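Notes follow once the structure below has been shown.
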C-alpha cells in the first residue's frame, strides 16, 4: 500500500482510492513501547499492535519499537528499578508481539544469502532478543541454526564444525554472562575454527568496545542493525 | 560445613566412583540400598574433610519409581522435567509437565505422610551417631514453584493468574510443614531451606510479592520448625540486601551471603549478627579460579568479619561445585580450623 510522508510523523495512505491521513506514527509506536516497558496486560499490547498494523505502519518499525522497549526495561533492571520477573515478563510480551509480526515479516526472497549459527551464551537463559534477530534474519534470506539458550562454548564449536556456517552469532542479556562470549571465541581458536567464520555479538549490555576487545568481527545494537551487519559481513548489498 | 558437594568433588575426596546420578533439587534414587550408599558416600566425604555438620536431604517415598522418557529426561515427583548434567553428574530441572496453571490444580501433590521421605535423614543420624550435628534440607515453597513451573511460566502466571501461583506456594508450604514435623522426629538438629529468592541484581520478583505471598508462607514453615525445637536456616544466593530486614525477622540464620552479588558478610554481621546465624561466604568462584594462597586470605578475611562474637559457620558461598579445585576447598577448611578459634584475634 503506497505511503507518502507528509511530515516526520504523518503519512498519507492510499486505500481503495481514498486518502486516509495517518497521524502520530510515533505516538502509536510510543504507546507500544510504553505498554511493554510498564508490563501491561497482553490484551492491551495485542490491541496496540493490531491497531498499529491496521495503520499500515511498517512492521520493521514495530520490531524497532520492541527492541527499544526491551532496551528501556533492561536499563531499569540494571539500575535496580525493575526485578528479574519484570525483565522476563517484558521479554514474554515482546515475544508475543514478535509472533504477531511474523506473518508480516515473511521471506521476500527465495535466495539464501548465508548460514548463521546463533545462540545465547552459557549462564544466560534469555532468548527474546535472539529470537527477534533470528526472525528478521530468516525474513532477509538467511538460514539460521538456533542453538537455544545457555549454550556452552563447546556446543558453539561443535555447531560450527557440523554446519560450517558463514557467521556465528552470540547473544547475552546479562553483564555477568558477557565474558562467556570471549570464552567461546577462545574455544573456537583452540579448535582451529575461528578463521572459518565471522563472529558477531549482541545483547543489551554488549558494546562495540567490548566486541573489539574480545575479537569479534561485528556488533549491532538492535535487531534491524544486526541484519545489516550480517549482510555486510557476508557481502550482501542492502536493498 | 558445606550444604552440599557435587559428585565429582566427592569422588576426588573419597578416591572412588559413585555409581548413580543424584539431584540437588529432588529425590531421584528409589532403590534403598543405593540410597544408603549415597548417604554413606556423603558421610565418608564429610568425615574425611572434617566438617562439623553433616547434611541429609529427603529421599523418594517408598512407592515411587523414576520414569526415564525416551529422550533421556526424567520426570520427578513434582512434575519437573530433569535432564542429566554430565559435568556435575546430577539431574537438573529444565522443563515442566505443567502447561497451564489449571494443570497444577489437577495435579496430585505427593503425600508428605507417605513412608520413605525421611529415609536418608534417619539413616544418616543412625550412622553419624547422636552427638554429631545434622542439618536436613527441604525445598523452599517459592523456589519449588519457580522450578516446578519453570521460571518463565512462573513469571507469566504470577502476573496473569497470581492466585494460582499463590495457591501453589501455599500447597507446597503445607507439604513442607508436614515434612518438617517428620524431620524433627528423625533427629535432625536444624532445617536448611534450599532454593533462591534472589539473583545477582536483587530479588527475583517484586518485593510486594515477597511480602504478600512468600514471607507469610516462609514464616509458617519456620513456626512449624520452632514448634518441634528445630532452628531454621534459609539459603539463598544473590543480592539479598533489599529483603534482609524481613528475612532477619523470620528465620534463625542465612546461608550463602553471596559475595559475588555484593553481600558483605561483615555488614550483615554488624546489623543482624545479634539475631541471625550466618553461614558463608568464601566465594565459589574463588574456590574454582583463585590460587590456594588467595583462598586462604579470603577465608581469613571471612572469619575476621563474621566470627567474632559467635554465630558464624564457615562455608563457601554456595557449595563445593564440580568446577571447584579440591585443594582450594581443603585450604578453606584448614584455614577455618587454624584461625576460627576463639578469641578471634589474628
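Coordinate-derived values only; no laboratory data. Owing to the predicted nature of the structure, the values given are computational and were not obtained by experimental measurement. A quick note on method: Cβ atoms are made from the backbone with ideal geometry, for glycine too, and the neighbour counts reach across all protein chains shown.
What to note about this one:
- Label zone at residue B:85, where the point sits 7 Å out along the Cα-to-Cβ direction: the range B:188-217 residues whose backbone N lies under 18 Å: B:194-200
- Cα gyration tensor category, rounded, prolate or oblate, for the range A:114-234 with a/c compared to 1.5: rounded
- Calculated FRET efficiency for the pair residue B:211/residue A:38, C-beta based, R₀ 25 Å, to 0.05: 0.70
- Within the range B:53-143, DSSP assigns beta bridges of which about 70% are antiparallel (rounded to the nearest 5).
- Ordered by the number of other Cβ atoms lying within 10 Å of each residue's own Cβ, fewest first, B:315, B:286 fall into the sequence B:286, B:315.
- Spin-label pair residue B:267/residue B:67, simplified geometry with 7 Å Cα→Cβ offset, distance in nm: 4.9 nm
- Seen against the Cα atoms of chain A and their longest principal axis, helix A:42-54 is set at about 70 degrees.
- Gyration tensor verdict on the range B:1-106 (Cα atoms; rounded if a/c is under 1.5, prolate if a/b is larger than b/c, oblate otherwise): prolate
- Counting, for every residue in B:197-205, the Cβ atoms of other protein chains within 10 Å of its Cβ and taking the mean gives 4.
- Per-residue ellipticity at 222 nm computed for the protein assembly as shown from its helices equals -14000 deg cm²/dmol, with DSSP H segments shorter than 4 residues left out and the rest contributing -39,500 (n - 2.57).
- Once the Cβ-Cβ distance of residue B:341 and residue B:130 is raised to the sixth power relative to R0 = 30 Å, the FRET efficiency obtained is 0.70.
- Ordering B:258, B:252 by the number of other Cβ atoms within 10 Å of each residue's own Cβ, fewest first, gives B:252, B:258.
- Using the Stokes-Einstein relation with a Kirkwood hydrodynamic radius computed over Cα pairs, the translational diffusion coefficient of chain B at 20 °C and a viscosity of 1.002 mPa s comes to 104 µm²/s.
- Angle in degrees between helix A:59-78 and the longest Cα principal axis of chain A, rounded to the nearest 10: 60 degrees
- Sites residue A:221 and residue A:154 - FRET efficiency at Förster radius 25 Å, r taken between beta-carbons, to 0.05: 0.30
- Between helix A:84-101 and chain A there is an angle of about 70 degrees, using the helix long axis and the longest principal axis of the Cα atoms.
- Seen through its C-alpha gyration tensor, with square-root eigenvalues sorted a ≥ b ≥ c, the range B:230-346 comes out oblate because a/c lies at 1.5 or above while a/b is not bigger than b/c.
- Chain A - convex hull of the alpha-carbon atoms, volume per residue in Å³: 129 Å³
- By the count of other C-beta atoms within 10 Å, a proxy for reagent exposure, B:16, B:32, B:125, B:139 are ordered fewest to most as B:16, B:32, B:125, B:139.
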